[in-house]
Structures are given as C-alpha cells and as structure tokens.
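To start, the structure itself, in structure tokens.
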Amino acid sequence: MRPLIRLLPALLLLIPLAAEAGQKKPAPVSIRLFGEGNENEGPTFVTPVELTNPQKRIFVSKVPVVTERDIEAFYPFPGRDGMIGAYFRLEPHGSDKLEQFTTEDRGKLGIVMINGRVAAAMKIDQRVTDGILYVPGGFLPNEALLLEAKYPIIGRESEFGKKAPKEKKQ
C-alpha cells in the first residue's frame, strides 16, 4: 500500500498530459461560412459585422453553417485584389448543410470568414447541390500554402501526402 501512496503524486502530474494528448490540433486556417441574421434575434444568436463592399453593417449568426472540418479538398485560383480564392469540396454532411442553407436562406447574404476576418459576402441566389463552396477571394498566399498541406487539391487527390521524387545528382 505504501508504494502506491508514493506513486500517487507522480500519477496526478500525468493527468493534464493525458488530457492534452486527446485534444485535436487546431486547423492551420479557420474557414467559416455564416448566414445573415437579424438584429432582433439578440446578441446571444447574432453578432454585428462590418462589410467593406458594400460598406454597411449587418448581423450574422454566431453558429457557422460550414467550417474547415467539413472540407474534403480544395482548388485555389487567383482571386480579386491580389488575394487567392478557392473552391472547397465538402464532405457529405457539410454538403447537406450547404444545400439546406442555400435553400432556406435564398436572397440573404452568406459571409465567409477566414481566420476571423471577412473574406467574402455573397448573395445567395441559387441552391447549391454539388457540395462545392465557392470563395471568390480573401486568402493570403501563406494561408493557401497551409491549406495545401492540410487538404488535397481537387483532381489531384491521389497525389496528396506523397513526397516529390528526389532529383538525381549528376
């Protein structure tokens, strides 16, 4: 019994390490799609956001429709204002959430936030059924590189995670 009592302090020191080991690492880039809300819904459910183009203040839902956890693959392209845009293919659950959102909130705005900043505000004019989230711009070059390390590029999924062949020395 005595040896067990001597080990107790050491075991107590290991508990925080075990708890930390079970946590997932945060995503390198936060990508969130939020729906336009109504100021009357109250501060519990919506938060104000300042848009720059057009310049106005709107309210968005605090709960995102789609997050980086719903992404399966992406395809970057040169975006507006020197930024990078991307198409994101969502996994089935994320695809269902996007379809439901674009069906129910037609005529409202969808706001894409990257690392907490507004990247795009898009008017929802049609239902999205293919599971592709379009972000016209807002990514910095270093964020695009972080995305390439985390997600495969659409059309090149089989190459993801494979190391490039080493060049032969002459």
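Could you check the range 115-164 and list, in sequence order, the residues that are hydroxyl-bearing (Ser, Thr, Tyr) and assigned to a loop (DSSP other than H, G, I, E, B)? Give the derivation first.
Looking only at the range 115-164, we keep the residues that are hydroxyl-bearing (Ser, Thr, Tyr), and these are 129, 134, 151, 158.
If the condition is that a residue be hydroxyl-bearing (Ser, Thr, Tyr) and assigned to a loop (DSSP other than H, G, I, E, B), then THR129, TYR151 are the ones that fit.
From ARG156, ARG89, ARG80, which residue is within 19 Å of SER30 (Cα to Cα), out of contact with any His (no Cβ under 9 Å at 6 or more places or on another chain) and not aliphatic (A, V, I, L, M)? So that I can check it myself, show each step before the final result.
On the way: ARG156 fails: within 19 Å of SER30 (Cα to Cα); ARG80 fails: within 19 Å of SER30 (Cα to Cα).
Residue meeting the stated conditions: ARG89.
What are the residues in the range 49-84 that are free of Cβ contacts under 8 Å to residues at least 40 places away in the same chain and aliphatic (A, V, I, L, M), if any? Within the range 49-84, just VAL63 meets the criteria. Only one of the numbered conditions (1) within 27 Å of GLU36 (Cβ to Cβ); (2) in contact (Cβ under 8 Å) with a residue 60 or more places away in the chain is violated by ARG106, and that is (2).
No lab work stands behind these numbers, since they all come straight from the coordinates. What you are looking at is a predicted structure, and each value in this text was computed from that prediction instead of being measured. A quick note on method: Cβ atoms are made from the backbone with ideal geometry, for glycine too, and the neighbour counts reach across all protein chains shown.
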